[in-house]
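Everything on this sheet refers to the single structure shown next.
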Amino acid sequence: MTSGSIRLYSYWRSSAAYRVRIALNLKGMPYETMPVHLLKDGGEQHSAQFSDLNPQELVPVLLHGSRILRQSMAIIEYLDETWPTPPLMPATARDRQRVRAIAQMIACDVHP
Ligand SMILES: N[C@@H](CCC(=O)N[C@@H](CS)C(=O)NCC(=O)O)C(=O)O
């Protein structure tokens, strides 16, 4: 199911949102950016409107049609599986393992 517009709730300095922007742009996918200012007025991520989208009150959130997607790495996997061309992952299991290991080093170890 690939129909439905894409909206990315994002903050320009967020490395997690940056990952998703990179994936969308590498795939050449049209999307609308919904800015969420993480500092203004104590942080727009804590607003009732945004926490309805993500109770964790973190960006990024990606809306695909009415589907709400959270967690940058899971969003990127969804994008790659739903729009496989051009692929983000290499052809072999060995190379994919290497890419996942590097990505998890950043997302799970460095980022926190
Ligand atoms: N594991 C999450 C991390 C998301 C995350 O940490 N987002 C930060 C910006 S990089 C955020 O929204 N912080 C807001 C806050 O801490 O209040 C993901 O990869 O999506």
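Scan segment 45-66 for residues that are touching a residue at least 12 places away in the same chain (Cβ under 8 Å) and surrounded by 14 or more Cβ atoms within 10 Å (Cβ to Cβ) and report the count.
Residues of segment 45-66 touching a residue at least 12 places away in the same chain (Cβ under 8 Å): 45, 50, 53-54, 56-66.
Checking which are surrounded by 14 or more Cβ atoms within 10 Å (Cβ to Cβ) leaves us with 45, 50, 53-54, 57-64.
Final tally of qualifying residues: 12.
State which residue is farthest from the chain's Cα centre (by Cα) when the search covers only segment 30-50 and only residues that are within 22 Å of residue 64 (Cβ to Cβ) and assigned to a loop (DSSP other than H, G, I, E, B). Write out each step before concluding.
The first filter runs over segment 30-50 and keeps only residues within 22 Å of residue 64 (Cβ to Cβ), leaving 30-36, 44-45, 47, 49-50.
The next check asks that each one be assigned to a loop (DSSP other than H, G, I, E, B); those that pass are 30-31, 36, 47.
Working: 30: 14, 31: 12, 36: 14, 47: 20 Å.
My answer is 47.
When segment 67-112 is examined, which residues are found to be over 16 Å from the mean Cα position of the chain (by Cα) and either in a helix (DSSP H, G or I) or closer than 20 Å to residue 33 by Cβ (or both)?
93, 94, 95, 96, 97, 98, 99, 101, 102, 105, 109, 110
Within segment 69-79, identify whether any single residue is β-branched (Val, Ile, Thr), under 17 Å from residue 23 (Cα atoms) and surrounded by 14 or more Cβ atoms within 10 Å (Cβ to Cβ), and answer yes or no. Walk me through it before giving the result.
As a first pass, look at segment 69-79 and keep what is β-branched (Val, Ile, Thr): 75-76.
Remaining after also requiring under 17 Å from residue 23 (Cα atoms): 75-76.
If we keep only those that are surrounded by 14 or more Cβ atoms within 10 Å (Cβ to Cβ) as well, we get 75-76.
Yes, some residue in segment 69-79 is β-branched (Val, Ile, Thr), under 17 Å from residue 23 (Cα atoms) and surrounded by 14 or more Cβ atoms within 10 Å (Cβ to Cβ).
Tell me whether segment 81-99 contains one or more residues that are of a type in the set (S, T, N, Q), within 22 Å of residue 5 (Cβ to Cβ) and within 10 Å of the ligand (Cβ to nearest atom). Full working, then the answer.
The initial filter retains those residues of segment 81-99 that are of a type in the set (S, T, N, Q), namely 82, 85, 92, 97.
So of that shortlist, the ones also within 22 Å of residue 5 (Cβ to Cβ) come out as 82, 85.
Narrowing the set further to residues that are within 10 Å of the ligand (Cβ to nearest atom) leaves none.
Looking for residues that are of a type in the set (S, T, N, Q), within 22 Å of residue 5 (Cβ to Cβ) and within 10 Å of the ligand (Cβ to nearest atom), one finds none in segment 81-99, hence no.
Which residues, counting only those in segment 7-29, are in contact (Cβ under 8 Å) with a residue 40 or more places away in the chain, over 11 Å from the mean Cα position of the chain (by Cα) and within 9 Å of the ligand (Cβ to nearest atom)?
Across segment 7-29, the qualifying residue is only 11.
On the basis of being more than 8 Å from the ligand (Cβ to nearest atom), closer than 27 Å to residue 109 by Cα and surrounded by fewer than 18 Cβ atoms within 10 Å (Cβ to Cβ), does residue 42 make the cut? Spell out the reasoning first.
Numbers: more than 8 Å from the ligand (Cβ to nearest atom): yes; closer than 27 Å to residue 109 by Cα: yes; surrounded by fewer than 18 Cβ atoms within 10 Å (Cβ to Cβ): yes.
Yes, satisfied.
Would segment 21-44 turn up any residue that is over 22 Å from residue 3 (Cβ atoms) and in contact with a strand residue (DSSP E or B) (Cβ under 7 Å, 6 or more places away or on another chain)? Spell out how you get there, then give the answer.
Our first condition is that a residue be over 22 Å from residue 3 (Cβ atoms); within segment 21-44, this holds for 22, 35-44.
Next, from what is left, pick out any that are in contact with a strand residue (DSSP E or B) (Cβ under 7 Å, 6 or more places away or on another chain): 35-36.
Looking for residues that are over 22 Å from residue 3 (Cβ atoms) and in contact with a strand residue (DSSP E or B) (Cβ under 7 Å, 6 or more places away or on another chain), one finds at least one in segment 21-44, hence yes.
Any read-out appearing in this document is the output of simple, stated calculations on the displayed coordinates, not a laboratory observation. Just so it is clear, the structure is predicted and the values come from calculations on it, not from any experiment. Every residue, glycine as well, gets a Cβ built from its backbone with ideal geometry; the counts of neighbours run over all protein chains shown.
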